[in-house]
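Scroll down for the structure; my scribbles are underneath it.
The values are calculated or read from the model by the stated rules, or taken from the named source; none is laboratory data. Here the structure is a predicted model, which means the values were calculated and not measured. All Cβ positions, glycine included, derive from the backbone under ideal geometry; neighbour counts span all protein chains shown. The area values use the complete protein model at the heavy-atom level, side chains included, leaving out ligands, DNA and RNA. Shrake-Rupley method; radii C 1.70, N 1.55, O 1.52, S 1.80 Å.
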Amino acid sequence: MALIGTLRTKMTKLVVGLVALSMGAFIVGGDLFGNGPRSVFGGNKNTVGEIAGHSVMLDEYQAAVQERENAYMLNFGRQPGEKEQPQLRQEAWELLILKYAITPQFEKVGVKVTSDEVWDMVQGKNMDENLKTSFADSTGKFDRNKLITWMKNLDRPEMVQDRIRWDIYKQALVPSRERLKYEFLLVKTNFVTDAEAERDYHAQNDVVEAKYLYVPFFAVSDSAVTISNADSKAYYEKNKEKYRTEQSRNISYVAFPVIPSPEDSAAIQQDLARVVENFKTTKEDSVFATSNTDGKTPYTKYSISSLPAFLSNQKDNLRAGMLMGPTLENGTYKVVKIVKIGTDTVYNAKASHILIRWDKDTPEGKKAAKDKAKKILNDIRAGASFAAKAREFGTDGTASKGGDLGWFSSGSMLKPFQDAVFGARKTGLLNDLVETQYGYHIIEVTAVKDNTAYTVATVEREITPSDDTHNEAFRKADAFSHDVSGIENFKEKAKKENLNIFDAPEISTTDRKINNLNDARRIVTWLFRDATIGKVSEVFDLENNYVVAVMTGETEEGYKPLEKVKDEITPAVKNEVKSKMIIDKLNGLKGSLEEIATAYGKDAAVNSSSDLKLNTNSLPSVGFDPVGVGVAFSLESGKRSKPFKGENGVLIIEVQNKTTAPAIGDFTMFKNQLLQNQNNRSAYGVSEAIKKAADIQDKRYRFY
């Protein structure tokens, strides 16, 4: 019985995740029931973080993680693997945020959920909608008797796991309802004044007709601009908030790939040769292939359309009992045995076509399309390339492929088309056009119908590195790690050994991937727990690479220093200088906008907009420029602005006409729109405000 497919509430994303996962042991969405700690803060080695003044100890956090793992096992009937662990740890952390940062806010304002409310959500008039859906009858209507019967059976011994899930579900209803109450309490304080509504009305309806002269920044070449340290510093101080950052670290690293050697390949070939001898004589092909392969398709039935390429190329020579291989394909050796060749009820054929559609569904329109198709057909008969004609005249998605439809099975095409192709006894161009509801088809049969079925057993052996190959790669990485000290020595040694050096800047505490290194969490943990600038790491075993890294820099939480963002801000600083140069030149010119543009040169252009509105953020032919829009609305009709810097260049705006929307007596519609927007933002805003005030210090990266 499907109980609850999706948790639907108006809670914030954070709490949805927490509550949904608390309910997770009960709600599966389908059938119902189915390294040692180091010193962190220099004091207590078991502290993993702080939430709202509460120090989260390692054992408390591990208990929360264990709770998530238990819920996972109840859901899926198995232990969570390495891929699931990061998510479960994050869920545990969010539960602790809920406990220590968010729930106390409920208590401060007196938000509570009584046992009567829980009963009401489970069995009363205000039942959880997901429960209603889960215990619905065949018509989709909630069946209360079905729910009551199921609940009465919860005391039966065989229902023990169902009872656990049910208890967890009911417990999770409380924080869910508390969150809703708290959120609604705050949402109800939202208010939009008449003045705000009127302003929004005019932002949507006032119109400015304007001309504007535009000189893009690129009108001044970079080589003509010199920026000073004072320019960079002034820009940085003005825009400092853009460069607020979390703590991060930089590394350089080298990788020692573990690649199968020729000896590894030869060893696998030797082993496979022994397998082949037994494969020839076995009577249990499916069992033998399944027991001896590394692949996922040890015993499969193929049609002519799905037959692997190396077999399809020899299909006329295939015989039952034939053994083929070993062949090498994408780093894997394959040996196949043709177990049986028979027939199927489904036919397959292959064809290309050129579809000529009619412009109008009239006798005249169809005749014009048919005449066009006949001419193309005659050209192909006379020797023209079918594929070339398909690219030139085809009107469907196959045109770019020369009309090739590939293989298709009986029943997958429109009947007239299928009858024509499957009725062909030989390959080649069909003599007549075929009409379907889509138009006229010129058809070339490239493979006649075939219902042959091939039962194939396959043994695959992937060429993998041997232990010796792994050991040799590790030996090289370990020798490198122990033979270098410091950043410069690291780079010199790597260059001497012809090793590629990879740089990875701004690694955060939550990163799990570094460049193309997947599951690089061990490097991140080392970087923030043990590393210092210039320190060389131990050897990390990551997938098919052994990696050695050196820490090259760090940025603490706060603002990136000017030195680290100088290259990043240089283009913007240059634009500041360019704008002053352009403005100075424009200030020396007089006349109409067109005359000023002509005098300035080819890079200046005059554009116009007849329906500019304040709630837009762009100007035609200029692009995103809210400053420019704002300046336009600040001017009266007939007035012109001075040259000013916009987002992409310098502008002079001249307002030709400004139309203020007529006064209306009722701004209710605009007030409701603004209020709805406020309400929609409130949930997320409340959550973020609570978390910010809680001063959360997440140091879990020291352990995981």
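Of all the criteria given as (1) open to solvent by 30 Å² or more (accessible area, probe 1.4 Å); (2) farther than 22 Å from R177 by Cβ; (3) not small (G, A, S), the one not satisfied by L88 is (1). Within segment 593-641, if we keep just the residues that are among the charged types (D, E, K, R) and within 21 Å of A219 (Cα to Cα), the residue that is most open to solvent (accessible area, probe 1.4 Å) turns out to be K602. Looking only at segment 94-146, residues that are open to solvent by 20 Å² or more (accessible area, probe 1.4 Å), in contact with a Lys or Arg (Cβ under 6 Å, 6 or more places away or on another chain) and not β-branched (V, I, T) come to 1 in all. Among the residues of segment 566-592, the ones that are closer than 14 Å to I227 by Cα, charged (D, E, K, R) and either open to solvent by less than 40 Å² (accessible area, probe 1.4 Å) or not in a helix (DSSP H, G or I) (or both) come to 1 in all.
Applying the selection to segment 329-339, what residues are assigned to a loop (DSSP other than H, G, I, E, B) and closer than 15 Å to N292 by Cβ? Working first, answer last.
Residues of segment 329-339 that are assigned to a loop (DSSP other than H, G, I, E, B), as a first pass: 330-331.
Those that are assigned to a loop (DSSP other than H, G, I, E, B) and closer than 15 Å to N292 by Cβ: none in segment 329-339.
Summed over segment 378-396, the residues that are open to solvent by less than 40 Å² (accessible area, probe 1.4 Å) and in contact with a Phe, Trp or Tyr (Cβ under 9 Å, 6 or more places away or on another chain) give a count of 1.
For segment 387-397, the set of residues classified as within 30 Å of Y302 (Cα to Cα) and modelled with pLDDT of 95 or more consists of A387 only. Checking P298, P260 one by one, the residue that is open to solvent by less than 50 Å² (accessible area, probe 1.4 Å), under 19 Å from E329 (Cβ atoms) and out of contact with any strand residue (DSSP E or B) (no Cβ under 7 Å at 6 or more places or on another chain) is P260 and no other.
If E595 satisfies every condition in (1) over 32 Å from the mean Cα position of the chain (by Cα); (2) assigned to a loop (DSSP other than H, G, I, E, B); (3) charged (D, E, K, R) but one, which is the exception? Status for E595: all satisfied but (2). Among the numbered conditions (1) open to solvent by less than 70 Å² (accessible area, probe 1.4 Å); (2) in a loop (DSSP other than H, G, I, E, B); (3) farther than 21 Å from F417 by Cβ, the only one that P326 does not meet is (2). Considering only residues that are under 26 Å from A266 (Cβ atoms) and either in a helix (DSSP H, G or I) or of a type in the set (A, V, I, L, M) (or both), which ones fall in segment 291-321? If the condition is that a residue be under 26 Å from A266 (Cβ atoms) and either in a helix (DSSP H, G or I) or of a type in the set (A, V, I, L, M) (or both), then S291, N292, A309, F310, L311 are the ones that fit. Taken as a whole, the structure places N292 among residues that are under 42 Å from the mean Cα position of the chain (by Cα) and open to solvent by less than 70 Å² (accessible area, probe 1.4 Å).
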